[in-house]
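Enquirer: Let me give you the structure first, and then I'll get to my questions.
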Amino acid sequence: MEGVIGPIVICTILFIGLPWILFHYITKWKTAATITGADEKLLDELYDLARRLDDRLCSIERIMTAENPNWKQQCLPDATDRIADELSQVRNRGRSRARTGE
């Protein structure tokens, strides 16, 4: 009798217990990885806010450049070119995302 109980317990654990645990955690992983509607709405609001702030910054830069064309060199003489390149890259990415609707 003892020789029969061991293989039955092992088969039960192997064919019922392990798949049950595996599928349980796969289900938990899939439900936790999804983005909720509230999260998506928050991301949209943050994106709109960032876009509006970028537009405001562009307006301020245009006003500053109209008043004093060399204001960037006066503020940061060493880093002006690097900052201008990075800023133009960020703006181009934002505009391309706005066009594609991302």
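The numbers here are math on the coordinates, done by the rules we state, and not lab data. These numbers were taken from a predicted model, which means no experiment stands behind them. Ideal geometry is used to build each Cβ from the backbone, glycine not excepted, and the neighbour counts take in all protein chains shown.
Enquirer: Within the range 1-48, work out how many residues are over 30 Å from residue 95 (Cβ atoms) and either of a type in the set (Ser, Thr, Tyr) or touching a Lys or Arg at 6+ places or on another chain (Cβ under 6 Å) (or both).
Expert: 4
Enquirer: Just to check your reading of the model, which residue among 51, 56, 62 is assigned to a helix (DSSP H, G or I), in contact (Cβ under 8 Å) with a residue 12 or more places away in the chain and either more than 29 Å from residue 92 (Cα to Cα) or not small (Gly, Ala, Ser) (or both)?
Expert: Residue meeting the stated conditions: 51.
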